[in-house]
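Just below is one structure, and these are the notes that go with it.
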Amino acid sequence: MFHPTRHRHSIHCILPPYLARSIAQNGTSEQRERVLRTLSTDSTFRALRLAGSRTTPSTLVTRPRAMMVESALHRTIFDLKNSEAFPGTPVRFEGQEATDDIAVTEAYDGLGDTYNFFWEIFGRNSIDGDGMPLQAFVHYGNNYDNAFWDGRRMVFGDGDGDLFNRFTICLDVIAHELAHGVTEDEGPLWYFRQAGALNESMSDVFGSLVRQMKLNQKADAADWLIGKGLFTDNVEGVALRSMKNPGTAFDDDVLGKDPQPGHMKDYVRTWEDNGGVHINSGIPNRAFYLVASHLGGYAWERAGRIWYDAIRDSLIKPDMGFLDFARITVMSATRLFGPGEEEDAVREAWEQVGIRVARSGVRMPAFVGAVTQPSTQAGRAPRA
Amino acid sequence: MHIEIKREGGPAYFPGLARPREVDLTSLPPEQAEALRQCVQAARFFELPPVVGALPPGAPDARRFTLTVEEGGRRHTVQFIEPVEEPRLHELLEQVTKAERAQRRGARPGTPG
Ligand SMILES: [Zn+2]
């Protein structure tokens, strides 16, 4: 049974972290005390969620407060000098000046931008939510055509120069990989079939949002492309994927044509690509784009918050399909913003990609009005 | 000797790379073709199990290469899941991808091989 006490993790939305931090630095002692309490409560709630879904607030165990308050961005960039032997040479630590190696600079900045996005927007302290230091390894292998998160570190190849440029070149690709770490920590979602496509889509969603925040773009100004600039001029294509128009990102002699569907009627059943994880992710990607463009404004403010809330929901199952996830996003929308525009936008977006979330299929949690961001709720008339 | 390579994984699904691509040894400079033959031998390719390496848990976007070699009536297919750490197998993959890339470059109009 769903009931409001199971909704624990949105309490941090009471104050966006950037505001909280500014109060912690500049506010009166009373304001500071309140903010510290809020920030530590969020982490306590998170610990509670990990402990199991039947826990009630009476069993709260408070974790040490000090570690919850400060953001903890700790980056180290290592140069593997075209070998695959870790750990290579540390070339830049947190706070150090940029070197003249562009891959080092891009990795350092990309980790920072991704960290800042999750901290500022969701109050999440690093990949694991607990201040995990971020390590990136650049110049991995020879002509290596990939970037990946291996469960504890980021690894970037230089690309072969023929099809791909260096993999640090796209902020959204860096953020995509780091977001795999977040999904692994929160879900997890198995990297197979629909669950895997959802996993991929979460990474594209956050990857795109990190870039949109960096560029200060609203939903209608964003290009919704993933990996723009990664291809060399030899490739006929603009990016790896398009969230707005899945299937249109590339059409090339060597790479072939972008295989992504944007609707369930074109869902690809295949054994390749772990059951089409990079293929069918086009469907939830487009659903997210539709929500964000329907709601307008900055996509991370509402659409992004709904998706982040959904991936942290205790109803997430490792093998879940699109429909189950769609249901959770609808519930998240209601939980965060009350019944109305956001919930409708989410439901309609899924419907437009061929996934119908029946009204009766969603158990509505009682709306907890206190959990939403003050800025988006201000001045809004109550709705029936 | 006849070699085919198929690539999956990485940052996206590319149908063109996931389809087996032939490496034509006769189109390579003789010394590169010879190096490639020696790599196949050194790796004892025909004795390898069908899958080398295991997908580490929690490693999305990992890459996989499927190599098929045909020689003297024998044909064998091996799937390599990264990271491939054994030095001879690693070298074999490097040589095959390098040859395939050189071949692709050579086929592109206006691009020096
Ligand atoms: Zn991915």
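Counting, for every residue in A:248-257, the Cβ atoms of other protein chains within 10 Å of its Cβ and taking the mean gives 4. Taking amide H positions as modeled 1.01 Å from N, with prolines and chain starts lacking one, the residues under 5 Å from B:R63 and 5 or more places away or on another chain are B:G10, B:E82. Across chain B, the fraction of Cα-Cα pairs farther apart than 25 Å, rounded to a whole number, is 21%. Here the Debye sum runs over all C-alpha atoms of the stretch A:189-384 as equal scatterers in vacuum, and log10 of I(q)/I(0) at q = 0.11, 0.15 Å⁻¹ comes out as -0.49, -0.89. 3J(HN,Hα) along the stretch A:125-140, derived from phi through the Karplus expression 6.51 cos²θ - 1.76 cosθ + 1.60 where θ = phi - 60°, amounts to 8, 6, 4, 8, x, 10, x, 3, x, 9, 10, 10, 10, 9, 6, 7 Hz, with x in place of Gly and Pro. Multiplying the residue separation of A:E94 and A:D233 by 0.36 nm and removing their Cα-Cα distance gives an extension gain of 46.6 nm. Taking B:F80, B:F14, B:F45 as the candidate residues, the one with maximal mean-square fluctuation in a Gaussian network model of chain B, Cα springs under 10 Å, is B:F14.
Just order A:181-190, A:230-239, A:163-172 by mean Cβ neighbour count inside 10 Å, highest at the front, would you?
Working: A:181-190: 21.5, A:230-239: 17.4, A:163-172: 24.3.
Packing order, densest peptide first, comes out as A:163-172, A:181-190, A:230-239.
Normalised by the number of residues in the stretch A:189-384, the mean separation of alpha-carbon contacts (under 8 Å, six or more apart) gives a relative contact order of 20 percent.
Summarising the label geometry, the points placed 7 Å from Cα in the beta-carbon direction at A:N82 and A:K317 lie 5.0 nm from one another.
Treating only the Cβ of Lys, Arg, Asp and Glu as charged (+1, +1, -1, -1), what charge dipole size does the stretch A:247-320 show about its Cα centre? Round to the nearest 20 debye. Please report the intermediate quantities before stating the final value.
Numbers: 8 positive and 11 negative charges, 86 e Å.
Rounded to the nearest 20 debye, it is 420 debye.
Two decimals is fine: what is log10 I(q)/I(0) at q = 0.16, 0.22, 0.25 Å⁻¹ for the stretch A:72-169, from a Debye sum with one equal scatterer on every Cα and no solvent? The Cα Debye sum returns log10 ratios of -0.64, -1.11, -1.31.
For the stretch B:21-68, trypsin sites (Lys or Arg not before Pro) meeting the loop criterion (DSSP other than H, G, I, E, B) and having at most 14 other Cβ atoms within 10 Å: B:R44.
Only the coordinates and a few stated rules stand behind these numbers; no lab work does. These figures come from a predicted structure and were not determined experimentally. Because the Cβ atoms are built from the backbone with ideal geometry, glycine has one as well, and the counts that use them run over all protein chains shown.
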